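Worksheet: one structure, shown below.
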Amino acid sequence: MRINLFKRDNVLVWALLVLVLFFSFISPDFRRLDNLFEILRSCSLIALMILGVTWLVASGEIDVSFPNIAAFASIVTAYCIKIGIPWGATVVIAPISAIPLGLLSAFLINTFRFPALIATIAVASVATSLASMVNGGQPLYLAHSSDVVEYFVYGKIGGLVPVLFLLVLALFFFAKWIQDNTTVGQHLYALGENRKASLEAGINEKRIILSIFVLSALLAGISGVLLAASFSSGQPRIGGSFFIDGLTAVFLGSLMVKFGKPNVMGSLIGAIIIATLSNGITILGIPFYVGTITKGLLMAFCVGITMLNRKNKAPQLPT
Amino acid sequence: MSEVNKSLVAFLTFLAAILLMFTLQSEYFLTVSNFLQAFKHLSITAIAALGLCFVVAVGKADMSFHFFSCFAAMAMSYFISIGYGPVFSVLASLLLIASLGLLNGILVGRFGLPDMVTTIGTGTAVFGLAYLFSGGRYIYRNFIDSGIMQLNDGKLFGTIPIPVVVMVALYFLSWLLLHKSKYGRNFYAVGNKPLAARFSGIKVARYLAIAFVISALFASIANMVQVSAQGKGEIRAGVTLLMPAWAAVFVGISIFKKPTVYGTFIGAFMISIMQNGFTLLSVPFYYMDFVVALSLIGSIILANFDVITTWINKKRRG
């Protein structure tokens, strides 16, 4: 496979490069090597959460419940540690406890034809309120930490390269292989292109939707465990910034590789761009809400570009 | 019995059961003062849901109205803090928010961008803009002296709270617009089949834009009432409007099979009365979120009742 960096598909890589160079130029703190690797570490959690979301958006659904599910898993982690379950079991229990929430979304969408947005808003609210019930709405602090989990969150190979990022990178390459080389990957995009045609072609829509929702919840659950480890506590209301960061990354990602369609590699680059933006804004001392405004506009901008481009290809009736 | 009547009866039975339960559990529930209080609370949810009802009627989803309402409330508090009167502050921030809502409408209506994602984007951007007024801090200055708190505390003829008056007025006007005028039919036409609506000479983009402006405006009014009740400009006050408003609209749809003004009111009433009852029983707030989420899920399941029957039959056969 020959990689041509000058194709339009790779525009996002250039955007990332320009962004990094820009911040490096104005801030000496930003261009330090350990800060650049810290960006990669901080983007890993977001990237982990949006892998499933990427495929859901590609198949024409949407998931807004992933930050809330992660928050739920984080407090389940803290609770398991509190009642004396060892870490080894907790890292299995907490992600699995998130799966029923993904199943609920998929069930509502598949069986009752809920609009995905409404179903996942409802599930997000269920997740948050369940998480609040565990400890009366308060954060639950971890009774003790685990060296192994800490190593996954903060560990650095050679004192520089974050372990977490390497694992996420490996996961994304595996996901890319699934997406591009298996029938499931092809069916996924077929669903997004034309639901009716793919049903006629015999694609089992419900099973695909179900499995991606379960995957999405599972990954959100895993990031919940990592979140609990990095905050030393389970928090019922983390949500906030992960929501817009994650969705913006997915839609940024849809500008590259497969133009106009969300895809895993695009999402990864998108997540790195968002993390770079947040990091640069913090280091330069710019108020955080400038970041919020930028991300919101960026998201609307990406969607705009994609849609206008799609319109040029397929002529439509004039409005 | 027609389909609508059936679900209306089912719903009213459910509502009666809730009311009965709360009456038995708390002696304060069935008192006049509690009901006035409950109606004041209801007006906030109900007004926000009413705006959303227009967007759902044109077949779109709005994920930004709660963020817009935060901006409006902060703008209002800002105008008050620099010395303007309450009337000017409210109108000026409504004007600001209408222009931002129009931006939503143009992006979705004229350029045909996907509604959910675009509104999440614009909503987040506007929420970020709301921080510009105070950097996220509370705005206290002039708040109590300016008379803005009359928006919540004031009473018409000494008995009916102003929020309730505003709610009734907005519902009456919306009912006239959506159910008693040709414009209302056009809203539904756009929602049912945009292409057919366009060929019937309806200016689709214009109706979409108007719906988004109304949604932003009504949510902002709701949040202004909420903020004036709290006595300070707080940036996150409006964020909580999202869930109850969606739930109210969908409870309405589950009864009348389409988004209607009266259905939305009934939905808002059900959710609000449950929240009020649980507050009296001093149940923590997160249980209420849980109940609101479950009623949203339940109402949509009811709305697709035919789907359930096919599902059950399939189960039986299998």
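Taken together, the values in this text are just the output of simple stated rules run on the coordinates, not laboratory data. All figures in this text were calculated on a predicted structure; none of them were measured in a lab. Backbone-built Cβ (ideal geometry, glycine too); neighbour counts: all protein chains shown.
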Orientation-averaged projected area, Cα convex hull of chain B (nm²):
19.0 nm²
Shielding by partners for A:117-123, please: the mean number of other protein chain Cβ atoms within 10 Å of each residue's Cβ.
6
Just rank A:Met49, A:Met133, fewest to most, by other beta-carbon atoms within 10 angstrom.
A:Met133, A:Met49
To the nearest 0.05, how large is the calculated FRET efficiency for B:Asp145 and A:Leu36 if R₀ is 56 Å and r is the Cβ-Cβ distance?
0.60
Here FRET efficiency (C-beta to C-beta, A:Lys196 to A:Ser146, R₀ 45 Å, nearest 0.05) is 0.35
Top positive-direction residue, dipole computed over region B:3-311 with Cβ charges, set B:Val291, B:Ser181, B:Phe11
B:Ser181
Got a sec? Charge dipole of region B:98-249, +1 on Cβ for Lys and Arg, -1 for Asp and Glu; which of B:Ile106, B:Ser220, B:Ala205 is way out at the positive end?
B:Ala205
Using unit Cβ charges (K, R positive; D, E negative) and no other charged atoms, how large, in debye to the nearest 20, is the dipole of the protein assembly as shown about its Cα centre?
1760 debye
Modelling each spin label as a point 7 Å along the Cα-to-Cβ direction, I'd like the B:Lys203/A:Lys206 distance in nm, to one decimal.
4.6 nm
How would you rank A:His187, B:His66, A:His144, going from fewest to most other Cβ atoms within 10 Å of each one's own Cβ?
A:His144, A:His187, B:His66
Hey, can you rank A:97-105, B:221-229 by average C-beta count inside 10 Å, highest first?
B:221-229, A:97-105
Peptide B:101-113: average number of partner chain Cβ atoms within 10 Å per residue?
2
Based solely on its DSSP helices, what 222 nm [θ] is calculated for chain A when runs of n ≥ 4 H residues each add -39,500 (n - 2.57) and the sum is averaged over all residues, nearest 500 deg cm²/dmol?
-25000 deg cm²/dmol
Summarise the partner chain shielding of A:281-294 as one whole number: the mean count of Cβ atoms from other chains within 10 Å of each residue's Cβ.
3
Quote the charge dipole size of chain A about the Cα centre in Debye, to the nearest 20; the model charges only the Cβ of Lys and Arg (+1) and of Asp and Glu (-1).
720 debye
Cα-based reach from B:Lys232 at 18 Å (exclusive), listing aspartates and glutamates while leaving out same-chain residues under 8 positions away
B:Asp145, B:Asp153
Dimensionless Rg over Rh [region A:8-307; C-alpha; Kirkwood]:
0.97
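I need B:Arg198, A:Arg41 ordered by Cβ neighbour count within 10 Å, fewest first.
Numbers: B:Arg198 17, A:Arg41 20.
Neighbour counts put them in this order, fewest first: B:Arg198, A:Arg41.
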Give me the Kirkwood hydrodynamic radius of region A:149-244, using the inverse of the mean 1/r over all pairs of distinct Cα atoms, in Å to one decimal.
16.1 Å
Please give the calculated 222 nm ellipticity per residue for chain B, where each DSSP H segment of at least 4 residues contributes -39500 (n - 2.57) and the sum is spread over every residue; nearest 500 deg cm²/dmol?
-24500 deg cm²/dmol
